[in-house]
Amino acid sequence: MQVGLAHFLVLSAALLSLGLYGLLVRRHVLALLMSAELMLGAAALALVAFARFAYEPARPLAGQAVAVFVIAAAVAHAVVGTAMVLCLVHQRGSVNWDGVTHAPAAARDGTG
Amino acid sequence: MMSDPLYVITFYLVGGLLLAAAVAVVTVRDMGQAALALSATFGLSGALYLLLNAEFLFGLQLLLGAGAMALLIAFAARATRRAHGTPDLRRGLRLLAGAVAALALGALGAVLAGARWAASGWPGLGTTTRELAHQLVSRYSAPFGTTALLLLAALVGATLLTREEEVPRAAAAGPGRARRGRGPGARHRRS
C-alpha cells in the first residue's frame, strides 16, 4: 500500500466539495465565510501535495510558495469577512445572507 | 517512505478526521461549534503538510488557520449570537445541493485520480524551510510584497468597516451612550 499524489488530491477535492455544499446550503453569513475558508484550505493542500510529489528542480517548491500566498489571502478574507459580517448584522439585525443586495441602502434609510 | 505502514496509517487517520471536521463545519447549527470544527480542520490539514515535508507551512497553518482565523470567527459568532436568523435550506433543496457537491466531487476525483502527472524525484531535502525562504525572497519577492500590501489593506479595511458609523453616533449621543455603544456586540444588541 502506498500513499501518492492522487490520494492527497482526492482528499483535497473532497474538502472542496464539502465547501461547495456549505456555500449552497448555509444561510448564516459566518457559515458561508467558513465554507469559503474550507475551499481555500483545500486549494492549499493540493498545492503543497504538488510541491512534494511533482518537484521540479527548475522551479523548486513552487507549490509551497504559492500555498503561502493562498494562506495569506485566506487570512485577509477572514479578517475582512468578519468585519463585513459584524457590519451587516449591525445594519440589518439579521445574520442571513438572503436578499443582501443593497446593504448600504438599508443603512441609509435608518434600519440599522 | 510513502509505502511505510506508519505513513499510510497516519494519512488515512488524519484524512478521515479532517473530512469529519469539515462535515461538522458545514452541518453544525451553532456557529461557535462550527468555528471550533474549522480550527480542527486547519490543524489537521497542518498535520498533512507535515506528511508532505512542508514544516514552515505547518507552523503557518497552525498559527494563522487554527489559531488566529478560528478565534476571529468564534469572536464574530459570539458577537452575533443574539441576531435574528433562519435555519439552513429545507430538506429537498439540501438534497439537491448535496447532489451538486457529489457531482463536483465525482468529476474532480475521476479527473485527478486518473491523470498522469509528470512525476519527478524528490531530492530528499531534510527540511524544506530553508529552500522555501530562499525562493520567497528571490523568485517570489514581488508576490511576497503584494501579499504584505494585501494584508495591510485588509487590516485598514476591517478597521474602517467596523468603526464607520460609530463616530457620528457617538458625537450625537454624548459620552454616556458612546461608551455603551462601543464594540459590535453591544451595537447590535441595542438595535
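The values are calculated or read from the model by the stated rules, or taken from the named source; none is laboratory data. Bear in mind that the values here come from a model prediction, so they are computed numbers and not experimental data. Heads up, the Cβs are rebuilt from the backbone with ideal geometry, glycines too, and the neighbour counts pull from every protein chain shown.
Given the conditions (1) part of a helix (DSSP H, G or I); (2) within 7 Å of another protein chain (Cβ to nearest Cβ); (3) touching a Leu at 6+ places or on another chain (Cβ under 9 Å), which single one is not true for B:Val8?
So B:Val8 meets the others, but not (3).
Please enumerate the residues belonging to segment B:90-129 that are among the aliphatic types (A, V, I, L, M), closer than 13 Å to A:Leu9 by Cα and within 7 Å of chain A (Cβ to nearest Cβ).
Listed by number, the residues that qualify are B:Leu105, B:Leu108, B:Leu112, B:Ala113.
Kindly establish whether B:Arg91 is surrounded by 12 or more Cβ atoms within 10 Å (Cβ to Cβ), over 23 Å from A:Ala42 (Cα atoms) and over 22 Å from the mean Cα position of the chain (by Cα).
no
Please find, within segment B:71-85, the residue that is surrounded by the most Cβ atoms within 10 Å (Cβ to Cβ) out of those that are more than 9 Å from every other protein chain (Cβ to nearest Cβ) and closer than 18 Å to B:Gly43 by Cβ.
Within segment B:71-85, the match that is surrounded by the most Cβ atoms within 10 Å (Cβ to Cβ) is B:Ala74.
Go through A:Val29, A:Val80, A:Val10, A:Val25 for me and flag whichever is over 22 Å from B:Ala21 (Cβ atoms) and either free of Cβ contacts under 8 Å to residues at least 12 places away in the same chain or buried (at least 22 other Cβ atoms within 10 Å of the Cβ) (or both).
A:Val80
Determine if segment B:55-76 includes at least one residue that is over 22 Å from the mean Cα position of the chain (by Cα) and under 22 Å from A:His77 (Cβ atoms).
So far as segment B:55-76 goes, no, none of its residues is over 22 Å from the mean Cα position of the chain (by Cα) and under 22 Å from A:His77 (Cβ atoms).
Among what's in segment B:56-67 and is facing another protein chain (nearest Cβ under 7 Å) and surrounded by fewer than 21 Cβ atoms within 10 Å (Cβ to Cβ), pick the residue that is farthest from B:Ala40 (Cα to Cα).
B:Leu60
Given A:Ala44, A:Ala13, A:Ala54, which one is within 7 Å of chain B (Cβ to nearest Cβ) and modelled with pLDDT of 90 or more?
Testing whether each residue is within 7 Å of chain B (Cβ to nearest Cβ) and modelled with pLDDT of 90 or more leaves just A:Ala13.
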